[in-house]
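Note sheet for the following structure.
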Amino acid sequence: MSQQAREDQLQRKAVVLEYSTRRKQKEKKKKSKGLSARQRRELRLFDIKPEQQRYSLFLPLHELWKQYIRDLCGGLKPDTQPQMIQAKLLKADLHGALVSVTKSKCPSYVGVTGILLQETKYVFKILTKEDRLKVVPKLNCVFTVEIDGFISYIYGSKFRLRSSERSAKKFKAKGTVDL
């Protein structure tokens with residue numbers, strides 16, 4: 001190439017005189033993910049050990065639940081509208097409530113009364129006064145919850161949600177379907 005062609009080429013292009021170092025890419029920190037459902041089942045995280053299945057251990061939980069419902073419903077005065085209490089109770093957390101099964105397609109479940117320990121999408125785990133843990137399905141059962149003389153009926157077939165999902169759900173007033 002001639003001298004003039006080189007100068008012409010150098011004028012049109014930028015020449016880098018120093019070697020530039022590449023910037024190090026920031027390493028992303030991996031977030032620790034929680035356990036999967038299978039791992040939780042294998043570790044038995046939500047199982048209640050037999051030595052902890054005593055009714056007397058969970059009576060303070062029931063007292064806390066009663067206080068929670070009184071605060072939620074504003075005192076549960078006799079002149080309070082039952083529909084308002086029922087609507088608040090539908091969205092309330094029932095862990096610690098004294099629950100009894102009043103109707104069921106399976107007659108062996110009728111009469112089971114105790115403190116509600118766990119609630120899943122399809123079952124209630126109820127601890128009876130005899131320190132026995134009963135697993136009662138919600139489907140085709142009617143449950144009774146009693147708070148300060150106010151008795152509320154819960155239709156399990158309409159109640160098949162997790163407690164966290166139920167608090168966000170809007171319930172519609174429909175006629176009850178008998179078992």
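The values are calculated or read from the model by the stated rules, or taken from the named source; none is laboratory data. Just so we're clear, the structure is a prediction, and the values are computed from it rather than from any experiment. Virtual Cβ from ideal backbone geometry, glycine too; neighbours counted across all protein chains shown. When the accessible area is computed, the model is the full protein with side chains, heavy atoms only, and any ligands, DNA or RNA have been set aside. Shrake-Rupley method; radii C 1.70, N 1.55, O 1.52, S 1.80 Å.
Can you find a residue in the range 52-63 that is of a type in the set (A, V, I, L, M), part of a loop (DSSP other than H, G, I, E, B) and free of Cβ contacts under 8 Å to residues at least 40 places away in the same chain?
no
Please determine, by comparing only the residues of the range 131-148 that are open to solvent by 40 Å² or more (accessible area, probe 1.4 Å) and either of a type in the set (F, W, Y) or in contact (Cβ under 8 Å) with a residue 60 or more places away in the chain (or both), which one is nearest to S56 (Cα to Cα).
Step by step, filter the range 131-148, then rank; the result is D131.
Quick one: in the range 63-109, which of the residues that are out of contact with any Lys or Arg (no Cβ under 7 Å at 6 or more places or on another chain), under 22 Å from P137 (Cβ atoms) and open to solvent by 60 Å² or more (accessible area, probe 1.4 Å) is modelled with the lowest pLDDT?
Per the stated criteria, the residue is D93.
Take the conditions outside any strand (DSSP E or B), touching a residue at least 12 places away in the same chain (Cβ under 8 Å), closer than 23 Å to Q52 by Cβ and among the small types (G, A, S) and apply them to G96. Does it pass?
Taking the combined requirement at face value, the residue satisfies it.
Tally up the residues in the range 39-76 that are over 19 Å from the mean Cα position of the chain (by Cα) and among the aromatic types (F, W, Y), please.
Total meeting the criteria: 2.
Based on this model, can you work out whether S32 counts as surrounded by fewer than 10 Cβ atoms within 10 Å (Cβ to Cβ), in a helix (DSSP H, G or I) and among the hydroxyl-bearing types (S, T, Y)?
no
Which numbered condition trips up T113, out of (1) at negative phi; (2) loosely packed, with under 13 Cβ neighbours inside 10 Å?
(2)
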